């Protein structure tokens, strides 16, 4: 198939798995070959919507928490973050008297190195870690975690599961009890 470079880039980004890409000697047309034309990976991203009392302060916090990810939409009363890693659509809505979400949000990692890396990043960014837990019984598993709170007391846990399917639901010392989850 022959096309100009712009057409090729559009095709590449939408439907083709590229195998080779070559520009002919005359420099005007591009050629490519492919082994299959699979559709791109489906778009899947959880949405979290939080009420906040001070939008600007919360935007600054979440930019730090999500490693300098900037709000993609920033209005007078709302902000939207399209976080790539982890995939998350976070919407902040300014509302007078907003109080932290009753419960908490969490991001699970596969390896402890990832939890340690985010812990170190929080420390460098000046984000207070209010609880660190090691091998704590939580949600019928054993987990290692770090916890942070945003300016409106919304709690976030960053964790990895050490062991699944244990008999204890949430141990006496598990921090999620303090988030309104098990009161």
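What follows is calculated from the coordinates using simple rules that are stated; it is not laboratory data. None of the values given here were measured: they were computed from a predicted structure. No Cβ is skipped: glycine too gets one built from the backbone with ideal geometry, and neighbour counts run over all protein chains shown.
Separation of the stretch 107-160 and the stretch 56-105 by C-alpha centroid, Å?
If you average the Cα positions of each part, the centres end up 18 Å apart.
Going by C-beta contacts inside 10 Å, put 160, 65 in order with the fewest on the left. Present the calculation step by step, with values, prior to reporting the outcome.
On the way: 160 16, 65 22.
By the 10 Å Cβ count, ascending: 160, 65.
Stokes-Einstein at 25 °C, 0.890 mPa s, Kirkwood radius from Cα pairs: D for the stretch 42-167 in µm² s⁻¹?
Details: Rh = 15.3 Å.
Estimated diffusion coefficient is 160 µm²/s.
By counting other Cβ atoms within 10 Å of each Cβ, how are 155, 141 ranked from fewest to most?
141, 155
For labels at residue 132 and residue 76 in the simple 7 Å Cα→Cβ model, what's the distance in nm?
Here the modelled spin labels are 4.4 nm apart.
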